[in-house]
Structures are given as C-alpha cells and as structure tokens.
Amino acid sequence: MIQKLRTDQPLVHCITNIVVANFQANGLLALGASPVMADAVEEAADIASIASCTVLNIGTLKRETVKAMLLAGKSANQHGKPVVLDPVGAGATAFRKESVLGILHEVDVTLIRCNAGELATIAGVKWQAKGVDAGQGDADLATLAEEVARRHHCIVAVTGAVDIVTDGNKTLHITGGHPLMAKITGSGCLLSAVAGAFLAVANEKQLDAVVSACTFYKQAGQLAAEKSEGLGDFQVQFLNALGGETR
C-alpha cells in the first residue's frame, strides 16, 4: 500500500490547526503524498472535490472553520472521497463537543481518529479529560470504539500506547511505537493525515488501510527513536522514517 501511495501521490486536503499545519504538511510530503492546507469557506468545497481525501482537525477551532469543514466534508461525500475527522480535545469545551457532533451529524465520516478522551466524549461516556490529552477513565475502549463505529457507520481508530482500530464488527490492536511520539506536538494530528493518505489509495479495503497506516506510523516512530539522541532531533528522524520503508 505504501508503494501505491508513493506512486499515486494522493492530494490530501487538510483543514487543520495552526499548531500542527507545517508538521502535517511536511509529514505528508515525506510519506509521498501531496498536502493542501485550505480552510477558507470560499474554496473549501472546491478543494475537497478535487482532493483524494479530506482531513478535518478541530485543534484550533473557530465558527468559520466549522463552516468550512462542513462544506468540505459534504463536498467530499458528494464526490466519493474519504473524510477523516480528528476531534482534538472534543471534551474540553462545549463548543468543541457541539462542533464534533455537528460534523458527525451532517458529514459521512470514513474515519474518526481520536484518543481515549475524545472517544469517550463522542460516545457520551464520563471521562476525566485533560485539555486535548487523553485523560483517564474506566470504560472499555474497544467496546466504546465498536459502538461509535456502528453508530456513525465508520472506522474508529483510538490511538495511544496500543492502537485500537475497528469498523464495529472487526477490531484489531496494534502495538509498537515509542514514548517519544507522545512528546512531539502534532503526532496524532499527523497520523490522521497519514491515515487519510492511505485511505485515498485503499479502494474498498478501508479497514486494512487504517490498520496499515497505524502500523507503518508506529514502525516509523520506533526507527526514529533508534536514531535519535533526544527529543530535539526525534522529529527530524521521524520525518526521515516516514520517507523510508520501515520494516
């Protein structure tokens, strides 16, 4: 799948947050995809119509951004393109939760890529969130992910030390990665975009594409950590690893 991605060079439309836009774009380029970061209401639908997939990331949210996301998501649906939703910090404020649920109501999302706290918010389960971080809770994450996947007719990928990927019927657990991945800003956001790029070349095998993306990403993190002396150069090594073959 990675070879097909690098041959096809899918155009990945990201409506994302100001904290991670550069890292996301560079990560997609390293992977072999082609990023476009377009969030203007005036062009969001047009870009989504020609892109290979659309990634909606609510990290730094404004009303205009939500409007652009809805336009882009609906346009992607109309043109048969996959849509990835990254509900960053969905439980942190009422505005974020309202925005995420609104997108899920109006757009047919292909993949929700989230952490445990964000999943719990979407599922309506009590959880001790900490801003945009995963937080803590007692719910069974695999069961929650399956319920959310069935409710919204999509794939759910709950990422962390062990990733859970499910379409509501089949559930897989992916191990690997490295703790340094959680120490760089935007590692989860970039994974959402990487998963979008994999989905863009997946044809009908969407669950396999998300599993492949998460597996590849964790392998890249492991390789990067082996070559890094510390957090400062890990990000550079990670981009290098995304451009390699992993193992």
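The values are calculated or read from the model by the stated rules, or taken from the named source; none is laboratory data. Only a predicted model underlies this, so the values are computations on that prediction, with no experimental measurement involved. Positions of Cβ are generated from backbone atoms using ideal geometry, with glycine treated the same way; all protein chains shown enter the neighbour counts. Protein only, heavy atoms only, side chains kept; ligands, DNA and RNA dropped before computing areas. Shrake-Rupley method; radii C 1.70, N 1.55, O 1.52, S 1.80 Å.
Checked against the criterion of being in contact with a strand residue (DSSP E or B) (Cβ under 8 Å, 6 or more places away or on another chain) and over 21 Å from Leu141 (Cβ atoms), the candidates Ile18, Ile103, Ile122, Ile58 yield just one match: Ile103. Yes or no: Ser49 crowded, with 19+ Cβ neighbours inside 10 Å, out of contact with any Pro (no Cβ under 7 Å at 6 or more places or on another chain), at negative phi and not in a loop (DSSP other than H, G, I, E, B)? Taking the combined requirement at face value, the residue does not satisfy it. Considering only residues in region 194-247 that are among the charged types (D, E, K, R) and assigned to a loop (DSSP other than H, G, I, E, B), the one that is farthest from Gly80 (Cα to Cα) turns out to be Glu229.
Just give me the residues in region 59-102 being open to solvent by less than 10 Å² (accessible area, probe 1.4 Å), among the hydrophobic types (A, V, I, L, M, F, W, C) and either in contact with a Phe, Trp or Tyr (Cβ under 8 Å, 6 or more places away or on another chain) or over 19 Å from Arg151 (Cβ atoms) (or both), in sequence order. Once the filter is applied, which keeps residues that are open to solvent by less than 10 Å² (accessible area, probe 1.4 Å), among the hydrophobic types (A, V, I, L, M, F, W, C) and either in contact with a Phe, Trp or Tyr (Cβ under 8 Å, 6 or more places away or on another chain) or over 19 Å from Arg151 (Cβ atoms) (or both), region 59-102 yields Ala68, Met69, Ala72, Ala76.
Within region 140-196, being more than 18 Å from Cys53 (Cβ to Cβ) and among the acidic types (Asp, Glu) holds for Asp140, Glu146, Glu147, Asp163. Against the conditions (1) closer than 20 Å to Glu118 by Cα; (2) at pLDDT 95 or above; (3) in contact with an Asp or Glu (Cβ under 9 Å, 6 or more places away or on another chain), Ser52 satisfies every one except (1).
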